[in-house]
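The values are calculated or read from the model by the stated rules, or taken from the named source; none is laboratory data. Small disclaimer: the values here were computed from a predicted structure and weren't measured. Heads up, the Cβs are rebuilt from the backbone with ideal geometry, glycines too, and the neighbour counts pull from every protein chain shown. Calculation scope for accessible area: heavy atoms of the full protein, side chains included, ligands and nucleic acids excluded. Shrake-Rupley method; radii C 1.70, N 1.55, O 1.52, S 1.80 Å.
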There are 2 protein chains.
Amino acid sequence: MVKLTDVAAKAGCSVTTVSRVINNYGYISQKTRKKVHEAMKELNYQPNSVARSLQGKKTKLIGLIFPDVSNPFFGELVSKIEDQLFKHGYKTILCNAGNDKEKERTYLQMLMANQVDGIIAGAHNLGIEEYQRTGLPIVSFDRKLSDNIPIVSADNFKGGSLATQELYNHGARHIYFVGNPTLDGHPTQKRLLGYKETIKELKLTEHIHPVIFNETLALKEMAIRDLLENHKVDGIVASDDLTALLILNISHDLGIHIPKDLKIIGFDGSKVVRDFEPRLSTIVQPIRSIAQLLVKLLEKRIDNPTEELDNYTYYLPVELLKRESSGN
Amino acid sequence: MVKLTDVAAKAGCSVTTVSRVINNYGYISQKTRKKVHEAMKELNYQPNSVARSLQGKKTKLIGLIFPDVSNPFFGELVSKIEDQLFKHGYKTILCNAGNDKEKERTYLQMLMANQVDGIIAGAHNLGIEEYQRTGLPIVSFDRKLSDNIPIVSADNFKGGSLATQELYNHGARHIYFVGNPTLDGHPTQKRLLGYKETIKELKLTEHIHPVIFNETLALKEMAIRDLLENHKVDGIVASDDLTALLILNISHDLGIHIPKDLKIIGFDGSKVVRDFEPRLSTIVQPIRSIAQLLVKLLEKRIDNPTEELDNYTYYLPVELLKRESSGN
DNA sequence: TTTTTTATGATAAGCGCTTGACATAATCTT
DNA sequence: AAGATTATGTCAAGCGCTTATCATAAAAAA
């Protein structure tokens, strides 16, 4: 392994000088600076970040705690975050927490032990305290952890409302909300609230049909089949796109015509779903902006941990993508 | 920050003893071991892995270099790999390389600087040498890097063959291969070879219709539209599921009935696609097994870098999932 | 009791790098 | 030419932990 002393030898100067070049302090002539850089290049030298970190330097490691990148929405979000972090010089430690409390907890410990500079939290298994206890800079996606942890989120309430209104505009009068009904703090709840509010404004009756997010596919299908076969429904606000797709498929099996008999609108609008299911109307979350803001806020916290932010809650605007499934 | 000396103080023993407990060497009585563990728990102590790594201990960090987790297949694969790594006590550094040579190169440097224990390489931008030069244990997914780097892959050739045969069995005689035609070393090429071989056996004419993987959606759509409108085709082997979905959608737009007028079969079989597009026939890669094998091989390399493996090429069996789109 | 074995402590070196203190050149000012 | 400025070097301490060495004490075996 090439080390500082090797570079110094090659460049014909002292380690101090090399260190000065690398860390950019003290007096250095252009000539030596160049010589050192050349030596580093020739030897393909990379300062050992482990050693640097031990001096209290930043590790430039960020922990990303999210449910699961195999979900297209989280996949895209994580991808965008990773890209932002990379541009800011950070490396991403990927922590898929699933719905596994224990795994999330272990990861938290690991991240601390690895001296990460900060955490972006998007999983929802653990309580606030466990995150607080890390003492690390944290920003949260879509869920309030505590008063002093910034939270970034799409405007889920508005999304729920927009979706409901869109279905109404296209003639639906028996509009169901299909998805997770009761997870408190969970983002889908705000979507539900938006739905409820709008239903009330429209003087309709609210109908909530629970389809639990991390149930098996078969159980979800049963729940949806039950809805479509045994209830009078002509419009559905789905809590997320995957649920919406399921409804689309089952409707097709049952011979229910979309959008004539039933109008559907999803939520999330990941690129994959938008591109490959072009019939589905959906509420699109601004994934790129979310990623940018998360990283920007986190970096701010890292660079200045004590500074109070002027705002701890950010709702980014959603967009209604009108397609065939909602009657367009 | 809690450190070793704090634990020693709390437990009423020397740092040496604490270190003996942590690293499990030398003589230690059950009583002291317990006392130390209690002290660690009480203080919520985590050995600083940065400091440990500096002694030459393993970092337990693995770099994962893949194109992009927002692609459902890679999302699922990365998710499964992450899970395997976690179970083996490793942390995952996520490196989305996209098709960006420079980013991949930078990541490689970063991984070296961070003293990762090994790399799982699934991106295809860089040449062998740059990987070799890291001097790190590496395993590769789906692409040969060099003779002494193990490669794990689904049996793409067999998959291409199975798909072609399936279309034939259901009556297709004008069977096209749609996707990347020429990327050498790229996995889709073996799929193409499987297709070609089988076409020859069946005494049909081969037709290759290029749709470049990282083109824009619009260009891909144009290419497909051209195929469907201007060519006599009744069967398509798609190089991957997303391309297959595109073909499905465009066929629908053009009023081409699937599977009556045209039979399609995709490739990859990620869970998302299987669950949410249940009409699509596809060649399913054994993602979980791939992940397990990759991690197993990598760990072997890490624990014993010099040992020669008895095999450097692993083709895992694919499975044909028969659905409606291929005529079932 | 004597010898072995087991348990713990004190001390120090070192992993690769940073940084401060101090010293000495080389170059620039006026 | 004298002082100021800039450039480089030497040396040493320290980040938190591991590990080897040596010493000593307690428990177990002979």
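Here are a few things to note about the model shown:
- Search result, residues across region B:221-243 that are within 11 Å of chain A (Cβ to nearest Cβ) and either touching a Ser or Thr at 6+ places or on another chain (Cβ under 7 Å) or free of Cβ contacts under 8 Å to residues at least 60 places away in the same chain (or both): B:221, B:241
- Unique match (being of a type in the set (A, V, I, L, M, F, W, C) and more than 13 Å from DNA strand C (Cβ to nearest atom)) among B:4, B:85: B:85
- Any hit, region A:110-121, residues being more than 9 Å from chain B (Cβ to nearest Cβ), of a type in the set (Gly, Ala, Ser) and under 21 Å from residue A:305 (Cα atoms): yes
- Leading residue by the ranking (farthest from the other protein chains (Cβ to nearest Cβ)) among those in region A:1-16 that are in contact with a Leu (Cβ under 8 Å, 6 or more places away or on another chain) and more than 8 Å from DNA strand D (Cβ to nearest atom): A:10
Okay, residues lined up against (1) modelled with pLDDT under 95; (2) within 14 Å of DNA strand D (Cβ to nearest atom); (3) under 30 Å from residue B:70 (Cα atoms):
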| residue | (1), (2), (3) |
| --- | --- |
| A:18 | no, yes, no |
| A:24 | yes, yes, no |
| A:31 | yes, yes, no |
| A:40 | no, no, no |
| A:49 | no, yes, yes |
| A:63 | no, no, yes |
| A:66 | no, no, yes |
| A:73 | no, no, yes |
| A:80 | no, no, yes |
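- Residues in region A:51-61 that are open to solvent by less than 50 Å² (accessible area, probe 1.4 Å) and away from DNA strand D (no atom under 14 Å from the Cβ): A:61 only.
- Test: residue in region A:268-284 that is free of Cβ contacts under 8 Å to residues at least 40 places away in the same chain, more than 11 Å from every other protein chain (Cβ to nearest Cβ) and either among the hydroxyl-bearing types (Ser, Thr, Tyr) or part of a strand (DSSP E or B) (or both): yes
- Counting the residues of region A:167-211 that are within 19 Å of residue A:323 (Cβ to Cβ) and in contact with a Lys or Arg (Cβ under 7 Å, 6 or more places away or on another chain) gives 3.
- Residues of region A:217-261 satisfying the condition of being in a loop (DSSP other than H, G, I, E, B) and in contact with a strand residue (DSSP E or B) (Cβ under 7 Å, 6 or more places away or on another chain): A:233, A:234, A:239, A:240, A:258
- Residue in region A:23-53 that is nearest to DNA strand C (Cβ to nearest atom), counting only those that are polar (S, T, N, Q) and more than 14 Å from chain B (Cβ to nearest Cβ): A:23
- Once region A:158-195 is narrowed to residues that are of a type in the set (D, E, K, R) and touching a residue at least 24 places away in the same chain (Cβ under 8 Å), the residue that is farthest from residue A:143 (Cα to Cα) is A:173.
- When we screen B:79, B:70 for residues that are away from DNA strand C (no atom under 16 Å from the Cβ), hydroxyl-bearing (Ser, Thr, Tyr), in a loop (DSSP other than H, G, I, E, B) and facing chain A (nearest Cβ under 8 Å), the only hit is B:70.
- Screening residue B:65 with (1) at the interface with chain A (Cβ under 9 Å from one of its Cβ atoms); (2) part of a strand (DSSP E or B) gives one miss only, at (1).
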